[in-house]
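Have a look at the structure below before the remarks.
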Amino acid sequence: MASMDVPADLPKPRAEVRTTAPPTITWVTLALMTTASVASLRAAPTMAVYGLACVFLYLLPALVFLLPTALVSAELASGWSGGVYRWVAEGLSKPLGFLAVWCQFAMTIFYYPSLLAFVASTIAFVIDPSLASNGLYTAIVIMVLYWTGVWVSSRGTKALAGLSSWGLIIGTLVPGTVLVVLGMVFLGQGNPSAAPMDGSHLLPQWTGLASLVLIVNNFLSYSGMEMNAVHVSSLKNPAKEYPRSMFLAMGLVLLIFILPALAISWVVPADQLSLTAGVMQAFDAFFSYFGVGWMTPIAAVMLISASLGGMLTWLAGPSKGLLEISRSEGYLPPFLQKLNRFGIQQNILVTQGVVTSVIALGYALIPNVSSVYWIFSTITTQVYLIVYLLMFVAAMRLRKLKPDHPRGYRAPALGLICSVGLLASLAAMFIGFVPPSQFGSGSVWSYILIVGGGLVVLGLLIPWAFLKLRKPDWRTAEAAAPTEGDPA
């Protein structure tokens, strides 16, 4: 192409030698980035309840959901910039693209209360461990921390965002490693494990569908793989290096999820385990046993800092994606599209905060904090699964409709991978309506109505209403011409 622009008899200027290729990253770096965005200790207590069977309960969704999500999103990201909105809009339709990006945003409405409930229970171990099961205390902490995060984010502050980049080390790798090492030393000194560790407990005991319900939470634990797929074009050889990167990330993620969950099950009996405070219960038990109880607050601070750093990152991310798509296509009313003087979507954050505060009251009104935590986590998963259902269908459609469209990476056996991911997501959505074994004494229909109501209202009715009420003047003038790079 250069010869068409520069006469042959003129020397080519030195500036033309400059490359415009994007900077490359190694496949190991991408694996660590993916691990950092996916892995967390927060979900460990939910699987520690199952003891040794947590290995199976983590491996199964990794094979049928984590791997398909990683490979499919890599192909889509290497062919179409703009994230999940662009993928679904190109493969299915723009309204369904809006549904996908809305659900990606809406799941955070229930994600923040469950994340901050974990933070509240962790803080309780520094102040007074009995507060970990106090619903009113949990609700107050959720609201205070969330609105503080809104204030920080609305001012465009970038300094605290660095917390998230250190989250993998400060709040996951270090405390996770300490937890596992202490657990091994604990068992090595001849102490019995609180959960059986023999071969007969490799699989969860079958007591009906309720015995496998906790596996649904793992789908949310693995969510986020699609976010790092945008870096696939930065690899030198995407076709070979991306699968290698994803398998390494999967191995690291599984180690971070499985080993701490096992360590918790060694020291905290399942019937005494809190789904929000389980990690700190284990630290407290280990530190007390080894006579270093003064380290419990230190572990708590590490977990808190990582969680708050992650919250600040997520607070601005999904809402900004929704904002920019709405400005170009007019999906949200002008009030929600307004920016403050720092260029931040403050009205979206404040509106989300009002809803989050109402949800937080559930912790104060329902006696069992673990029950509320599980319900909110399930609703979060259900809403986010809509994103993946649309993504898998869109990927198959795009391979069929646009087979020659340039792609930096092509997933092998795409149809099979998408089918597996689609069926796994549908199965997870169905299982999510079955109360876990801990809710045996509660009303099954109440649980179904709460989870189903949250899914229908948040994941379907609200975006449908926005599309139905949309007006031409909702599209802002400065964003009237959308570009290919619009983020989602």
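The values are calculated or read from the model by the stated rules, or taken from the named source; none is laboratory data. Predicted model, so just to flag it, every value in this text is computed and none were measured. Here the Cβ positions follow ideal geometry from the backbone for every residue, glycine too, while neighbour counts run over all protein chains shown. Ligands, DNA and RNA are excluded from the accessible area calculation, which covers all protein heavy atoms including side chains. Shrake-Rupley method; radii C 1.70, N 1.55, O 1.52, S 1.80 Å.
Things to note:
- Across region 75-134, Cα-Cα distances exceeding 19 Å account for 53% of all pairs.
- Extending 7 Å from Cα along the Cβ direction at D473 and again at V181 yields two label points whose distance is 6.5 nm.
- Stretched out straight at 0.36 nm per residue, the stretch from Q189 to D404 would grow longer than its current Cα-Cα span by 71.2 nm.
- S234 accessible area, assembled protein chains, probe 1.4 Å, Å²: 20 Å²
- Put a dot 7 Å past the Cα of S234, heading toward its Cβ, do the same for I448, and the two dots end up 4.7 nm apart.
- Model label points for F290 and I127, set 7 angstrom from Cα along the Cα-to-Cβ axis, are 2.8 nm apart.
- Taking the accessible area of region 341-382, probe 1.4 Å, and keeping the other protein chains in place, the carbon and sulfur fraction comes to 69%.
- For region 248-385: rounded, prolate or oblate by the Cα gyration tensor [a/c cutoff 1.5]: prolate
- With a Förster radius of 45 Å applied to the C-beta separation of Q272 and W151, the computed FRET efficiency comes to 0.75.
- For the set L312, L115, solvent exposure ranked by accessible area (probe 1.4 Å, protein chains only) runs largest to smallest as L312, L115.
- Among the listed pairs K402/K468; K94/K402; K236/K402, those with a Cα-Cα distance over 28 Å are K402/K468.
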